[in-house]
Amino acid sequence: PRRLCPALALPFFRSPARRGWAPAPLPGGGGAMAGVEKEKKKKKKRDLEAEEAELDEAAADDDAEPPRKAAKRRKASEDSLPAATPSQEKPRPNAGRGVKGGGKGGGEKGRGRGGGGGGGGKGAQAEDTSRPTALNMLRPRAGGRQHTLSIALPASIVDNAQSWELKAMLVGQIARALTIFSVDEVVLYEDRSDAAPSGDGDGLSRALAFFARNLQYLETPQYLRRQLLPFHRDLKWVGLLSPLDAPHHLRKNEKLQYREGAVLSSEHAPKKPGGEGKGCWVNCGLSDPVWVSGAEIPSDVRVTVRMEGGSRGRRGSEDSAEGDGGEEASQPRARSAVAVPPREPTTKLGLYWGYQVRIASNFKNVFDECPYEGGYDLTFGTSERGEALGVSRVRRFSHLLLVFGGVGGLEEVLSDESSGYPANTDPASLFSRYVNVCPGQTSRTIRTEEAVLIALSALSPYLPER
């Protein structure tokens, strides 16, 4: 038998109240606890006496006013001071984000996402947004990035989790991996014909609908979620998940040529600028909406925009707000932008711009419904029965697909009647390479969410620059 830690080897005595053994009482018994409470009361009394002594000293400097009256007078004088004007306030490096103020003189805590910054004071620390990682991922790259990286995952891995909280955390872990390694597309496929339906009339299983909805929620910038994603039972546990903090999740004070936005409806949008043709107002997470000219896009549609340098008056042309002196002159000037394809930030500047979620009704449609012209020119199937991964032999590609199986592997996926392939199909024949991403494993199984991290970590050094 294993030897117990000496600290846990307490003496035992036979209890007279019942049979069996019970731990011996600690030295001191209830008297020890009473002594601790007595010391706490003494310490509290000493603190109160010290505070009263400080007030008495302050009273001597204020013409010997009574301590309580002097404290009330000082507090009233502080409240009556005029508030600082915007020109008097010092700029904060992370305005718009809640920062906790701590230490002596700490200010009010920031509340909620996007809340006001925390107050100053000795000990208050602001979040440093100038870290090399944050600056590097927003730095444009000459020539952009043309290749894509896709991952295919089965819906059954969500059903394998024991509770809905664990299902949500599994999805959150996968979404973080997709973002960290710049995955452009994630394909979710049905791998079980007996899966429970979602009940929403969309023809999907409950697991697949839950998987896709939570992935889309996490990929959507925070300032667009309220408008684009209505509340659903599958999103009940998103508060447990860590944010992706991807490059397209820009803060209000961050400047970049591209932004994600959502078209505002006529009830929530300002009036159309004078002299403008077709266009719409788009919420891009800034203080004011952005005018996107050239097309009338339906409301509540997500759109990628390229910001332009000029600004336009809310109720007139660019120079209509000058010299009128009327109501138009007081209207803020809105920025203008142009709607672009979602891949343009990646192909032109090399920025990672989130992942696309694609749903495949069966395993065969993972390949047949590829959105890229010419399909995937390099495919990897992962299995413990595959060859040891020789990453140095990864050839050049335009569109790479990495496919993962469920609990029983890709062999079990192909044996299901809904796969779209004959039951005796050899999985290795469907891929360019059929590999084992962790041949030296010392656990009987590797979970799919673990295999995703292992495979992407092994492939990342040999992929083209992201």
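Whenever you get a sec, line up Trp291, Trp237 from highest to lowest accessible area (probe 1.4 Å, protein heavy atoms). Let's see the in-between values first.
Details: Trp291 5, Trp237 40 Å².
I get Trp237, Trp291, largest accessible area first.
If you take all other residues with their beta carbon under 12 Å from the beta carbon of Pro439, and give Lys and Arg +1 and Asp and Glu -1, the sum is -1.
Peptide packing: for 206-215, 437-446, the average count of neighbouring Cβ atoms within 10 Å per residue gives the ranking 206-215, 437-446, highest mean first.
Within a Cβ distance under 15 Å of Leu256, other residues only, what is the Lys/Arg minus Asp/Glu net charge?
+4
The string of couplings for region 423-433 from the Karplus curve (6.51, -1.76, 1.60, θ = phi - 60°) is 5, 9, 5, 7, x, 5, 6, 8, 10, 5, 9 Hz, one whole number per residue in order, with x for Gly and Pro.
Amide hydrogen proximity for Tyr189: with H placed 1.01 Å from N in the peptide plane, the residues at 5 or more positions away or on another chain lying under 5 Å are Leu153, Ala155, Ala360.
Computed from the alpha carbon positions, the gyration tensor of region 135-238 leads to an equivalent ellipsoid with semi-axes of 27, 17, 13 Å, biggest first.
Please list 401-410, 240-249 highest first by mean number of surrounding beta-carbon atoms within 10 Å per residue.
Values: 401-410: 21.6, 240-249: 17.0.
My ranking of the peptides, most packed first, is 401-410, 240-249.
Calculate, in nm to one decimal, what Arg447 and Asn136 gain on full extension: separation in residues at 0.36 nm each, minus their alpha carbon distance.
Values: separation 311, 0.36 × 311 = 111.96 nm, distance 3.17 nm.
Length gained, Arg447 through Asn136: 108.8 nm.
Order the peptides 367-378, 338-349, 183-194 from the highest to the lowest mean number of other Cβ atoms within 10 Å of their residues.
Values: 367-378: 14.1, 338-349: 17.2, 183-194: 20.6.
Taking the mean over residues of other Cβ atoms within 10 Å, the ranking is 183-194, 338-349, 367-378.
Amide H contacts of Asn436: Ser383, Gly386, Glu387, Ala388, Leu389, each under 5 Å away and 5 or more positions distant or on a separate chain (H built 1.01 Å from N in the peptide plane; Pro and chain starts excluded).
So how much slack lies between Leu48 and Leu463, counting 0.36 nm per residue of separation and subtracting their Cα-Cα distance, in nm?
Details: separation 415, 0.36 × 415 = 149.40 nm, distance 6.56 nm.
Here the segment from Leu48 to Leu463 would lengthen by 142.8 nm.
Computed 3J(HN,Hα) for region 445-450, one whole-Hz value per residue from the Karplus formula 6.51 cos²θ - 1.76 cosθ + 1.60 where θ = phi - 60°, is 9, 10, 5, 4, 5, 6, glycine and proline marked x.
The values are calculated or read from the model by the stated rules, or taken from the named source; none is laboratory data. Only a predicted model underlies this, so the values are computations on that prediction, with no experimental measurement involved. Note that each Cβ is placed from the backbone with ideal geometry, even for glycine, and that neighbours are counted across all protein chains shown. Keep in mind that these areas ignore ligands, DNA and RNA; they rest on the heavy atoms of the full protein, side chains included. Shrake-Rupley method; radii C 1.70, N 1.55, O 1.52, S 1.80 Å.
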